[in-house]
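Worksheet: the structure to be examined is printed underneath.
The values are calculated or read from the model by the stated rules, or taken from the named source; none is laboratory data. Every value quoted in this text rests on a predicted model; they were computed, and no experiment measured them. Every residue, glycine among them, receives a Cβ derived from its backbone with ideal geometry; neighbour counts consider all protein chains shown.
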């Protein structure tokens, strides 16, 4: 079922269209990525009907390597709201804001 929002690690409500920072796998270590929330869903676990599974669709920006220009990643799905932090778009670097502005 689709929902309007979820609560992030800092206790802030996050809505579709908000910009976030989230953890991702960067080779053999963890990385941080900036992205925009496109869709928020909750699903009941098929085996344990009392467990909720989050499906948060995001479009991220790949800026992990200094020798590459930042670029949009393919859409992905996040499942752990407590590993996400909402960020004010105005605090992001201009080149990241420009990439996120083009997301439909």
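What residue, among those in segment 85-104 that are part of a loop (DSSP other than H, G, I, E, B) and at pLDDT 95 or above, is surrounded by the most Cβ atoms within 10 Å (Cβ to Cβ)?
By that ranking, first place goes to 92.
Hand me the list of strands (runs of 3 or more DSSP E) wholly inside segment 1-74 holding 2 or more residues that are without any contact (Cβ under 8 Å) to a residue 60 or more places away in the chain and over 14 Å from the mean Cα position of the chain (by Cα).
29-44, 52-62
Quick one: in segment 25-40, which of the residues that are modelled with pLDDT of 85 or more and surrounded by fewer than 17 Cβ atoms within 10 Å (Cβ to Cβ) is nearest to residue 83 (Cα to Cα)?
The selected residue is 32.
All but one of (1) assigned to a strand (DSSP E or B); (2) touching a residue at least 40 places away in the same chain (Cβ under 8 Å); (3) under 17 Å from residue 8 (Cα atoms) hold for residue 82, so report the exception by its number.
(1)
What are the residues in segment 41-69 that are at pLDDT 90 or above and in contact with a helix residue (DSSP H, G or I) (Cβ under 9 Å, 6 or more places away or on another chain), if any?
54, 56, 59, 61
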